[in-house]
1. Return the long-range amide H neighbours of Val18 (sequence gap of 5 or more, or a different chain), with a cut-off of under 5 Å between placed amide H atoms.
2. Using amide H atoms built in the peptide plane, which far-off residues or other-chain residues are under 5 Å from Arg7 H to H?
Amino acid sequence: MSAPRRRCPVCRREIAVVAGRFARHDPAGARTVSELVSCPGSRSQAPFDPALQPDLDGAVVPDFPGQLPLF
């Protein structure tokens, strides 16, 4: 299963989000010889997006007010 992707706020590339953080990645553009540099957006906290996962356990909460039934 692949990780969801979101746009990095620094380099604007679509990067995988793992455990709420952007995966380590190189900055956009070509590298020079022997240069290994991570984008400053690597491993930074990804903003919460409720459209991707509305709840932690996947349960759907009904849209009516009041107390939910216990059983």
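1. Amide H neighbours of Val18: Ala23.
2. Correct list: Ile15.
Values quoted throughout were computed directly from the atomic coordinates according to the rules given, and no laboratory measurement underlies them. Quick caveat: nothing in here was measured; it's all calculated off a predicted structure.
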